[in-house]
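The values are calculated or read from the model by the stated rules, or taken from the named source; none is laboratory data. Fair warning: this is a prediction, and the values are worked out from it, not measured in the lab. Every residue, glycine among them, receives a Cβ derived from its backbone with ideal geometry; neighbour counts consider all protein chains shown. Just so you know, the surface numbers come from the protein's heavy atoms only, side chains and all, with ligands and any DNA or RNA stripped out. Shrake-Rupley method; radii C 1.70, N 1.55, O 1.52, S 1.80 Å.
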Amino acid sequence: MSATAGDAAAGLVTRADHCVIACAEAWRGSGELLASPMGLIPGIGARLARRTFAPGLLLTDGEATLIGPDGEPEGWLPYRQHLELVTGGRRHVMMGASQLDRFGNQNISCVGDRHRPTRQLLGVRGAPVNTLNNPTSYWVPKHSRRVFVPTVDMVCGVGYDSAAAAGPSATRFHHLPRVVTNLAVLDFDTPDHTMRLASLHPGVTVEEVREATGFELALPGEIPYTRAPSAHELHLIRTELDPDGSRLREVPG
């Protein structure tokens, strides 16, 4: 059954709500740190975290203005200060990914051989700087084998194996806290930093996640469900952060 805006209005917790919570949890305990969510649901999650359990988070309009969770300006962030945060490990960005492998290498540049790609995507952009200089999580709205691949066609965001191969200078701030998808939460909390199934969204099975992943995931002994929003969090999501229900169009199930 698909979720609708009516479901949310009735108080039912939707898959999209669980995704918002899973994204918000990426910033738990961050303190005064710049949050850079890329995408609708990560954006709602960051603002929810700021409104509830992470009041020290800094949010921006994507340019030079610090904003509150309501979008109103509350300060100025000049470019020099922004770069100091980015290069000093004081930002946590949540990016998208066209491809991800088991070590967290990310591709947003091209599909196929990079010299003669079958499809041109965004390009490398800031992915290497993001992953080497500050914590980077990922949001994948449609978990599939097209995204979760054995080997990425081009490394844009740096995974754990690539960072280790580059030496200590590449691992100083390198940290991939989590990957949130429409099915589950994944992390790299394993001895060799390979991807692990950390939690399932309610209604999803382990087999569904494994079938939608192009490599073997590490599986803990017990796999919890992603926590549901509290009544207060659900109220904020429905009435203030996403009253139009846009999240339900991104994750409809």
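Against the condition outside any loop (DSSP other than H, G, I, E, B) and open to solvent by 70 Å² or more (accessible area, probe 1.4 Å), how does E74 come out, does it pass?
Taking the combined requirement at face value, the residue satisfies it.
Limited to the range 155-196, what total is found for residues that are at pLDDT 90 or above, closer than 22 Å to L85 by Cα and among the basic types (K, R)?
1
Return yes when R145 is touching a residue at least 60 places away in the same chain (Cβ under 8 Å) and either part of a loop (DSSP other than H, G, I, E, B) or within 20 Å of V86 (Cα to Cα) (or both) and no when it is not.
yes
Based on what the data block shows, is E222 exposed (fewer than 12 other Cβ atoms within 10 Å of the Cβ), more than 18 Å from D101 (Cα to Cα) and more than 17 Å from the chain's Cα centre (by Cα)?
Yes.
For the range 29-42, name all the residues that are modelled with pLDDT under 95 and either more than 17 Å from M95 (Cβ to Cβ) or open to solvent by less than 50 Å² (accessible area, probe 1.4 Å) (or both).
Of everything in the range 29-42, those that are modelled with pLDDT under 95 and either more than 17 Å from M95 (Cβ to Cβ) or open to solvent by less than 50 Å² (accessible area, probe 1.4 Å) (or both) turn out to be G29, S30, G31, E32, L33, L34, A35, S36, P37, G39.
What residue, among those in the range 101-119 that are open to solvent by 20 Å² or more (accessible area, probe 1.4 Å) and not in a loop (DSSP other than H, G, I, E, B), is modelled with the lowest pLDDT?
R119
So in the range 163-213, with the set limited to residues that are among the polar types (S, T, N, Q) and under 21 Å from R91 (Cβ atoms), which one is most open to solvent (accessible area, probe 1.4 Å)?
Within the range 163-213, the match that is most open to solvent (accessible area, probe 1.4 Å) is S169.
Report yes if P150 is surrounded by fewer than 18 Cβ atoms within 10 Å (Cβ to Cβ) and modelled with pLDDT of 95 or more, otherwise no.
Answer is yes for this residue.
Does R172 satisfy being out of contact with any Lys or Arg (no Cβ under 9 Å at 6 or more places or on another chain) and closer than 21 Å to E208 by Cβ?
The answer is no for R172.
For L122, are the conditions met, namely being of a type in the set (A, V, I, L, M) and assigned to a helix (DSSP H, G or I)?
no
Filter the range 75-99 down to residues that are touching a Gly at 6+ places or on another chain (Cβ under 8 Å) and either without any contact (Cβ under 8 Å) to a residue 12 or more places away in the chain or closer than 18 Å to H174 by Cβ (or both), then give me how many there are.
3
Which number in (1) open to solvent by less than 70 Å² (accessible area, probe 1.4 Å); (2) at positive phi; (3) not small (G, A, S) marks the one condition that R125 misses?
(1)
Which of the numbered conditions does S98 fail, given that it passes all the others? Conditions: (1) out of contact with any Cys (no Cβ under 9 Å at 6 or more places or on another chain); (2) open to solvent by 20 Å² or more (accessible area, probe 1.4 Å).
All conditions are met except number (1).
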